[in-house]
Amino acid sequence: MIQKVGSVFRNKIFPSLVWKKEASPSPVLYLTFDDGPIPEITPWVLEVLRKYNAKATFFCVGDNIRKHPSVYHQVLEEGHQVGNHTFNHLQYWKKSLPNYMKNVKECDEVMRSNPLFKVDSEKPLFRPPHGQIGKKMMQQLLEDYEIIMWHVLTRDYNKNYKKENCLKAAIKNTENGSIIVFHDSIKAEKNLKYVLPRFLEYFSNKGYEFHTL
């Protein structure tokens, strides 16, 4: 099942995190892609986004940037936004806070190594892998980053999730201002390649635009 977050309950517990944007008079969606960039998937995503004149935000794993700098460069060159997703896609519960923060900084350094990198928001963006976040971690990160969570998690990475159901649920749970999570990863390929173009077509036909965060 699609996970839809951003309820009043969540916002009260984590009011400093961004779960959803305010609805705008002209409807807007905020597509995000986690875990890339990789040559097997990310260029295809960029091609599909280009077809629908859509901009998106890519939460990049630093080690993937290191291994595939030309793919990362393409993301930036085509006018998309990038955010920090740690250097090694760390699970917070398995690391000490100093080691976790060091990994975040490593990702930040490799992101900034490309001359096209820029910060479009007030602060650089960060999304915790697996959505794992703790109070002390959050307090430290908020000093330097805007922490982006999500309103709709498509679960495209679940290979046992039927692609038709993935699309149906993603459409059903998305609304004006939604932050939607896809993954430009090998694990998500089956569902992503079915869902993304159909999702874009559906909401484009309803007059939605797709912006960076």
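The values are calculated or read from the model by the stated rules, or taken from the named source; none is laboratory data. The structure presented is a predicted model; accordingly, all values stated were derived computationally and were not measured. Neighbour counts are summed over all protein chains in view; Cβ atoms, including those assigned to glycine, are modelled from backbone coordinates with ideal geometry. Surface accessibility is based on the protein's heavy atoms, side chains included, excluding ligands, DNA and RNA. Shrake-Rupley method; radii C 1.70, N 1.55, O 1.52, S 1.80 Å.
Miscellaneous remarks
- Qualifying residue in the range 47-59 (condition: part of a helix (DSSP H, G or I), modelled with pLDDT of 95 or more and of a type in the set (A, V, I, L, M, F, W, C)): yes
- Residue match in the range 21-41 (condition: farther than 17 Å from PRO115 by Cα and part of a helix (DSSP H, G or I)): no
- Given (1) touching a residue at least 60 places away in the same chain (Cβ under 8 Å); (2) more than 21 Å from TRP19 (Cα to Cα); (3) not small (Gly, Ala, Ser), number of the condition ASN173 does not satisfy: (2)
- Within the range 86-106, restricting attention to residues that are among the hydrophobic types (A, V, I, L, M, F, W, C) and farther than 21 Å from PRO43 by Cα, the residue that is least open to solvent (accessible area, probe 1.4 Å) is VAL104.
- Taken together, GLU201, GLU143, GLU109 contain a single residue that is surrounded by fewer than 16 Cβ atoms within 10 Å (Cβ to Cβ), within 21 Å of PRO15 (Cβ to Cβ) and charged (D, E, K, R), which is GLU143.
- Positions within the range 113-128 being modelled with pLDDT of 95 or more and surrounded by 14 or more Cβ atoms within 10 Å (Cβ to Cβ), in sequence order: ASN114, PHE117, PRO124, LEU125, PHE126, ARG127, PRO128
- A count restricted to the range 39-71 and to residues that are in contact with a Lys or Arg (Cβ under 9 Å, 6 or more places away or on another chain) and either of a type in the set (Lys, Arg) or within 14 Å of CYS107 (Cβ to Cβ) (or both) stands at 1.
- Among the criteria (1) under 22 Å from LYS187 (Cα atoms); (2) touching a strand residue (DSSP E or B) at 6+ places or on another chain (Cβ under 9 Å); (3) open to solvent by 50 Å² or more (accessible area, probe 1.4 Å), the one GLY83 does not fulfil is (3).
- Scanning the range 156-184 for residues that are assigned to a loop (DSSP other than H, G, I, E, B), within 16 Å of the chain's Cα centre (by Cα) and within 15 Å of LEU31 (Cβ to Cβ) yields ASP156, THR174, GLY177, ASP184.
- Restricting the first member to the range 113-124 and to residues that are without any contact (Cβ under 8 Å) to a residue 12 or more places away in the chain, and the second to residues that are open to solvent by less than 60 Å² (accessible area, probe 1.4 Å) and assigned to a loop (DSSP other than H, G, I, E, B), no beta-carbon pair is closer than 7 Å while six or more apart or on different chains.
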